[in-house]
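See below for the structure under consideration.
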Amino acid sequence: MLKQERASLLSTRVESEERTAVLREIANLAHQEQDVSAKLAQFAECDPDELRKIQDATQVARDSANRWTDNLFTLKRWIETRFGLPSSTFYEQFDIPDDLDYLEDDIPTL
């Protein structure tokens, strides 16, 4: 049914300069839209909403890292108390840097 309708419409279509010009304009506008979309994609990383999402994700990651650091310090204290193991030996045995500390909360705001 649709094929018959399509064939009927194609047979009645009249090629004209106006139709050709409109089709050319449609193709030109589609190309311009692609160009503008590509330029817009380049600036997507500067979008305030995207920056806010990145900022929020960074804060979550920092909080998580600090929570694990806190867990590590708690474990270190427990081992020191329970087994009398010095901090330096704990750090050495678990290959932890001596200067391990919490991450600072220095995320700039928008």
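Local charge for Ile54 was computed over the other residues whose Cβ lies under 13 Å away, with Lys and Arg +1 and Asp and Glu -1, and equals -2. Tell me whether the stretch 59-110 comes out rounded, prolate or oblate; compute the Cα gyration tensor, take square roots of the eigenvalues as a ≥ b ≥ c, and use a/c under 1.5 as the rounded threshold. Verdict is prolate for the stretch 59-110. By accessible area, using a 1.4 Å probe on protein heavy atoms only, the chain has 56% of its surface on carbon and sulfur. Annotation: per residue accessible area for the chain equals 88 Å², rounded to a whole number [probe 1.4 Å, protein chains only]. Here the peptides 9-19, 48-58 are ranked by packing, the mean other Cβ count within 10 Å, and the order with the highest first is 48-58, 9-19. One entry in (i) 95, 37, 20; (ii) 44, 27, 20; (iii) 65, 33, 22 is Cα extents along the principal axes in Å calculated from the shown coordinates; its label is (i).
Here the Karplus curve 6.51 cos²θ - 1.76 cosθ + 1.60, taken at θ = phi - 60°, turns the phi angles of the stretch 88-94 into couplings of 4, 5, 4, 4, 5, 5, 9 Hz, with x standing for Gly and Pro. Net charge dipole, the chain: roughly 720 debye, given to the nearest 20, about the Cα centre with Cβ charges of +1 for Lys and Arg and -1 for Asp and Glu. Each of Ser37, Ser16, Ala65 was scored by the projection of its Cα onto the charge dipole of the chain, and the greatest displacement toward the positive side belongs to Ser16; charges sit on the C-beta of Lys, Arg, Asp and Glu.
The values are calculated or read from the model by the stated rules, or taken from the named source; none is laboratory data. Here the structure is a predicted model, which is why all the values come from computation and not from measurement. Every residue, glycine among them, receives a Cβ derived from its backbone with ideal geometry; neighbour counts consider all protein chains shown. Side chains included, ligands, DNA and RNA excluded: accessible areas come from the protein's heavy atoms. Shrake-Rupley method; radii C 1.70, N 1.55, O 1.52, S 1.80 Å.
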